[in-house]
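**Q** Handing you a structure now.
FYI, it's all coordinate maths here, none of it is from the lab. Not measured: the values here are computed from a predicted model. Cβ sites come from the backbone with ideal geometry, for glycine too, and all protein chains shown count toward neighbours.
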Amino acid sequence: MRRRKFLVLLVGAAAAGSNKVEAQQQASSLRRIGALWSLSETNPDMRARLAQFHQGLERLGWSEGKNIQLDGRFAGGETDRFEPLAKALVASRPEAIVAQSTPVALALLRQTRSIPIVFVSVSDPIGSGLVASLAHPGGNVTGVLLYEEGITGKWLAMLKEVAPKITRVAIVANPKTTPFDYFLQTAKGPAASLAIDIVPMPIETAADIERSMQAFAGKPNGGLVLPPDSTNILHRDVLIALAAKHSLPSVYGYRSFTEAGGLMSYSTDVPQQNRLVASLIDRILRGTAPADLPVETPTKYETAINITAAKALGLEIPSVLLARADDVIE
């Protein structure tokens, strides 16, 4: 009996050891993808982005645990975490890294000039120094352009269309989490043609937002442009509530703001952007260098209008604008 038990234990130990070796071999054969996201994992917008990215990879034959291993790090909107998270992620030596936002991509680029980086939610990759050009990125970085340069003019024109008396527009964003100067510069030409004065409104916290909004609303005929920015996403409900409180017509860079009660938005198709990121990762894993992958540009834009918000502001949305809208929220 003792000898039989010993043999059973021996066979069991051998099987366990074999399984462990197989598991280690399988893990070592997985292709490793890193990602540094500027938002938190629990943020609703972030959860949607992650699902879209994973679905995009699966459509291309990449499944987590089968042939890829995903290592996602989340900054939760805290800018002081970008650098240490980027350093730790690069130290783990993934084969490619997804970077959400301009400052995140720059933090990663400071850590590596060899690991491929694919950015998303970036509006000015050339001006920020991420790539040499859209057609020929030139280094270890490529990605998906969030907006083309004329987007700021489109936002201003929409505001003027719904509220013709507007003469002042504040650009609201955090310079630490979005290319604030880029949006200010691209607004100058269109603003002049529309007889609008641009007012910079840099913000970081909810207290900044409340103080700045109140000061801006002290003069008449004002409106707001809120570019895509992780800080704006974090404080979305505060921004929407204060815009309503101070009767400030606003246009947003993300459709989710209009769905949450904001007046209107003009934005790129976010699910499409996340699928494009997955496509670039796929091509890199299959051997194409980032330098040879042109930056993808948006092909689809969406207009959303919230009629309830318009009525609360005493605005009547022009029928021409309603006809152009992809989504009219009652």
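**Q** So which chymotrypsin sites (Phe, Trp or Tyr not before Pro) in segment 88-156 end up in coil per DSSP with only 15 or fewer other C-beta atoms within 10 Å?
**A** Answer by residue number: there is no such site.
**Q** Right, here's the next one. With springs only between Cα atoms under 10 Å, which of ILE115, ILE68, ILE305 fluctuates most in a Gaussian network model of the chain?
**A** So, out of ILE115, ILE68, ILE305, the one fluctuating most is ILE68.
**Q** Need one number: % antiparallel among DSSP beta bridges in segment 116-264, to the nearest 5.
**A** Taking every DSSP beta bridge within segment 116-264, about 0 percent pair in antiparallel fashion.
**Q** Taking just the alpha carbons, could you work out the radius of gyration and Dmax for segment 40-177, both in angstroms?
**A** In Å, with Rg to one decimal and Dmax whole: 17.5, 58.
**Q** Oh, and also: Against the longest principal axis of the chain, how steep is helix 270-285, in degrees 0 to 90 to the nearest 10, with axes from Cα atoms?
**A** The two axes meet at around 40 degrees.
**Q** With only alpha-carbon pairs counted, each pair once and no self-pairs, how large is the Kirkwood hydrodynamic radius of the chain in angstroms?
**A** For the chain, the Kirkwood estimate is 21.5 Å.
**Q** In degrees from 0 to 90, rounded to the nearest 10, what is the angle of the helix 82-91 Cα long axis to the longest principal axis of the chain?
**A** 30
**Q** Among SER114, SER121, SER63, rank each residue by its count of other Cβ atoms within 10 Å, from fewest to most, as a rough exposure measure.
**A** With the sparsest Cβ surroundings first, the list reads SER114, SER63, SER121.
**Q** Moving on. Compute the helix-to-body angle for 236-245: its Cα long axis versus the longest principal axis of the chain, expressed 0 to 90° and rounded to tens.
**A** 10
**Q** Give the lysines reachable from LYS154 as a straight Cα distance under 27 Å; neighbours fewer than 8 places away on the same chain don't count.
**A** LYS154 reaches LYS165, LYS176, LYS188, LYS219, LYS245, LYS300, LYS311.
**Q** I would also like to ask the following. Counting only trypsin sites (Lys or Arg not before Pro) that are in a DSSP loop and have at most 12 other C-beta atoms within 10 Å, tell me the longest site-free stretch of the chain.
**A** It works out to 166-285.
**Q** List the residues, sorted by chain then number, that are 5 or more residues from ALA96 or on another chain and whose placed amide H is less than 5 Å from its amide H.
**A** Hits under the 5 Å cutoff: GLY34.
**Q** In deg cm²/dmol, rounded to 500, what helix-only [θ] at 222 nm does the chain give when every DSSP H run of at least 4 residues adds -39500 (n - 2.57) and the total is split over its residues?
**A** -14000 deg cm²/dmol
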